Structures are given as C-alpha cells and as structure tokens.
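What follows is a short report on a single structure.
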Amino acid sequence: MNAFMNWMEMHFMPVAAKVGNQRHLIAIRDGFIAIMPVTMVGSIAVLLNVFFRDLPNEWFGEGNSFVSAMEPLININGNVYFGSITVLGIAFTISLGYHLAKSYDVNPIAGAVIAFSAVVTCMNQSAVFDYILPGVAESSVGALKDAGLNVVANTSDGAANVVLQGVSEWGYMGQAFTGSSGLFTCLIVGLLSTMIYVKLMQKKVTIKLPDSVPPAVSNAFAAIIPGIIAIYTFGIVTQISVMTTGLYPNDLIIEWIQKPLLGLSQGIFSVILVMFLIQLFWFFGLHGDNILAPITEGVYTPALLANLEVWNNTHSVEQMEYIWTRGSINAYAMAGGSGMTLALLIAIFIFSKREDQRAIAKLAAPMGIFEINEPVIFGVPIVLNPVYLIPWLLSAPICSVIAYLFTAAGIIPPVFIQVPWVMPVGFYAFFATGGNFLAALVSLLCLAVSVVIWTPFVMLANRDKKEPQ
C-alpha cells in the first residue's frame, strides 16, 4: 500500500494538479457554474408545471378543474422557461468569454460580448416553417393556389385552417442554436473566439488612445481590432462551412462532436470511470468534482437539458434519449457528498467504537444531510487514509451502476430537472425526476448499499484506537 501511495503521489498527483489548474478547463467549469441561476430557474419552472399540470392531468384526466385554475401560473412558468432554458447556450457563451478573458487579465466584458457575437455569426440566419393564415376560409385554397401560393387546408386540430407552407424568414434565431442543443457550439466557438481576442490583446494589436481618455472608452477602443478579427474569423468559417457542406457550424458540431461525445458518455463503463476518477482525485486532497467539471458539466449537463427539452415538448419520459445526466450523479451517487459519506456517518453511528470518529460524525451529520462533507473528508480523515480507500473508491461507482440499471430498464425515469445540489437524499431524486417516488426509493437503496459497503471498514478502523494524525 505504501508503494502504491508513493507512486501515486509522485506520478499521479502532479498531473492531476496541472489538469485542475488548467485555465481553459477552469473557465469552462466557472462558465457553467455562473449560469446556474438561469438553469435553476428554468428547471424550477418545469418542476412547478409538473405539479400544476402534468401530474394532475395524469391523475384526474385532461382538462380537469385544477389545471384550468392553475392556467395563469402554468403560463408564467412557460414564460420563465422561454427566458431561461431556451437561451441557455447564449448565457453560457457570455459567461465563458468573461471568465476566460478575465483569467488572462484582459477586458472580460469585451471577451464576453465578442464570444457572444462570434457564436451568433455561426448561426443559421433563416428558417422555413408553415404559417396559419388568420381569417382565411378553407374555400379560398383553390384561388390561393391559382395565385401561386403553396397552401393546404388543415383540420388536424379540429378547426379548419389554411396553412401557407414553406415560409422563409431571415433573422431567425432558434432554440436549436441558443438552447441546450447549441451548447457545444457555444463552448467551442466561444472558447476559440475569446482566445483570438486574448492573444491579439496580449500582442498589443489594439488602438491606443491618449492617457487622458477615460478608461471605459480606452478599453472599448482597444478591443475593436481584436474583436473584428475574432468575429470575422467565424464569419469566414461559417461561409466556408455552408459553401462546402451546405450546413452551418452548429449542425456540423452536433453531428461530429456533440452526438458522439454524448453517446460515449451514456455507456455504463463511462459512468463508472467518471465516478471512480472523481473519488480518486478527492482521495489525494484534490477537488475531484471541480477537476472533472468539464466532463460532468460540459457533457452531462447538455444531456440533462436535452431531456428537459423533451419533457417540456412532449411530457414523455419514454422519448428521453439520455439515461445518465448531470443530476443523476447528485441524485444517486453523492448522498452526503462525494463518496456517499452520509452512509459513512450512519455506519460510524451504528458500528464505530472510536470516540474521535463519533465526535466528528456528530459535528458533520447536520451538514452531511445537505450534501456538505468537507468535515468528513478532512476530519475523519478520508484523504490519504488507506483504511477507507476501498469503500471511498467503490461506493459511488456501485451506486451509479444501480441507478443506471434501474433507469436503463425503464423502472425509473432519467433525471431531467436540475434542483439545488444541497437537496437531501431521496428528495433530490424525487424532484429531479419530476416527482417520481420510485426514483426516491432507488436513491435510498443506494444509500443503504453504501452503508453496507462502508460498515466493514468502519469496524476495521475500530482496531486502531489511535487518535488521527
């Protein structure tokens, strides 16, 4: 064991520390964290409508009196969803550009707006859709066709409408580009455009104004040339993409990068690996959640938001594509925090004879209920403690496998709502799955399994009566 610990400290920890301090990964992590208010308010809007509309419709039938009475609140939640989840990609772009530029000590506001502009430059500028002609009678279809219009009669919704097909509009900015499905484009283009701006600022490719000019004006002028070059770069990239493939960069990124990455992330071995690495980093005192945040946030958050979008459009969990999302980690594999340390606290209260660990457990329990476990990690301690290495590394991956299999079998729905990470075990899974009681029971099952995993090692620690160093 000592040889293993020495090898890890010599070869693994330096690499892990470099990864954890890599400024681009930090900017991505901080970019996602900064938009949590937007993500959260959109998720809350969906969750409220689950209880105001979806579950009552399921229990009492469509069009019941409760749903009718809640209609104004349902509409308010719809407005909130439209103002949050549907523009989440744009919010993330601004946040990413800001944090990345700030890490290089250049004007962060300029970095944010340049990243935003570059992303919009890569978007499809028009849309083709069908348009219902208001006040036009079905009997007019023949005359309109004779006039050269592409119209059809439509009675699918019970009303006779005349639909003008193939309407094209310039200046369209759709949810496919601004919402969760555009997150990878926002990440890639936002990152690259900000770096072009940063490097040109560092090379002093700027307009220099006299010192007498106010700093706000001077900073704005300094960003003009770097901003022009960065945005024009992606204007050219977009035109080349359209001319050579007929597709916009967002479409190419979705097909070539986003879908393959999300597909890989959904394999059970990928889930196990991510959870194992989070635990391994933490064992050496490195914040595993932060180090792996570019993966957990950059890959699994788009999966959660894609599921959320499916629910908002169809109210069906069967049509959700992704089994494992960002919220799945908190719902099933982090009871009490990383390593399922709430299970450790329970095992200590039941089986530990060490007064030092019982005292730490009493102090840590109130915080552990709300997913805060630094007192456990550094107080028991877990960090560099070989006695607890095995349960620490295995409990979260095993719980992830349990929840993954229940979800893949269709027994519980995938996690599709983001809720506050401090939500206690059971409640988190219940709300994150739109009020599913079985999901809450599965999370409690995971906690019970973790207690079983931790217990032998807590009993083993009883043999060492020494105070922790």
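The values are calculated or read from the model by the stated rules, or taken from the named source; none is laboratory data. None of the values given here were measured: they were computed from a predicted structure. Note that each Cβ is placed from the backbone with ideal geometry, even for glycine, and that neighbours are counted across all protein chains shown. For accessibility, only protein heavy atoms count, side chains too; no ligands or nucleic acids. Shrake-Rupley method; radii C 1.70, N 1.55, O 1.52, S 1.80 Å.
Pairs are defined by a Cβ separation below 7 Å, a sequence spacing of at least 6 or placement on different chains, a first member in the range 399-422 that is free of Cβ contacts under 8 Å to residues at least 40 places away in the same chain, and a second member that is of a type outside the set (S, T, N, Q) and in a helix (DSSP H, G or I); the pairs so defined are 406/442; 411/438; 412/406; 412/438; 412/439; 412/442. In the set (1) assigned to a loop (DSSP other than H, G, I, E, B); (2) surrounded by fewer than 21 Cβ atoms within 10 Å (Cβ to Cβ), the condition left unmet by residue 255 is number (1).
Are any of the residues in the range 394-410 under 22 Å from residue 290 (Cα atoms) and of a type in the set (Phe, Trp, Tyr)? No, the range 394-410 contains no residue that is under 22 Å from residue 290 (Cα atoms) and of a type in the set (Phe, Trp, Tyr).
When residue 426 is tested against (1) buried (at least 21 other Cβ atoms within 10 Å of the Cβ); (2) small (Gly, Ala, Ser); (3) within 26 Å of residue 33 (Cβ to Cβ), only condition (1) is not met. For the range 381-424, a residue qualifies if it is over 30 Å from residue 359 (Cβ atoms), in contact with a Gly (Cβ under 9 Å, 6 or more places away or on another chain) and of a type in the set (Val, Ile, Thr), and the qualifying residues are 415, 417, 419. Just to verify a result, which residue in the range 214-246, among those that are surrounded by fewer than 13 Cβ atoms within 10 Å (Cβ to Cβ) and assigned to a loop (DSSP other than H, G, I, E, B), is modelled with the highest pLDDT? Here the answer is 246. In the range 355-374, the qualifying residues are those that are touching a residue at least 40 places away in the same chain (Cβ under 8 Å) and among the charged types (D, E, K, R), and the one that is surrounded by the most Cβ atoms within 10 Å (Cβ to Cβ) is 371.
Please go through the range 105-126 and give me each residue that is of a type outside the set (A, V, I, L, M, F, W, C), under 20 Å from residue 238 (Cα atoms) and without any contact (Cβ under 8 Å) to a residue 60 or more places away in the chain, ordered by number. Within the range 105-126, 125, 126 qualify. Taking residues in the range 23-45 that are open to solvent by 60 Å² or more (accessible area, probe 1.4 Å), and partners anywhere that are assigned to a helix (DSSP H, G or I), the pairs with Cβ atoms closer than 8 Å and at least 6 places apart or on different chains are 23/100; 23/103; 33/293; 41/80; 44/80.
Filtered by the rule that a residue be surrounded by fewer than 19 Cβ atoms within 10 Å (Cβ to Cβ) and touching a residue at least 60 places away in the same chain (Cβ under 8 Å), the range 429-447 gives a lone residue, 435.
Of the residues screened, residue 382 is one that is in contact (Cβ under 8 Å) with a residue 40 or more places away in the chain, crowded, with 20+ Cβ neighbours inside 10 Å and within 22 Å of residue 280 (Cα to Cα).
For the range 48-134, please list each of the helices (runs of 4 or more DSSP H) lying entirely inside it that holds at least 1 residues being open to solvent by less than 40 Å² (accessible area, probe 1.4 Å), of a type in the set (Val, Ile, Thr) and more than 30 Å from residue 229 (Cα to Cα).
The helices (runs of 4 or more DSSP H) meeting that bar are 65-69, 71-82.
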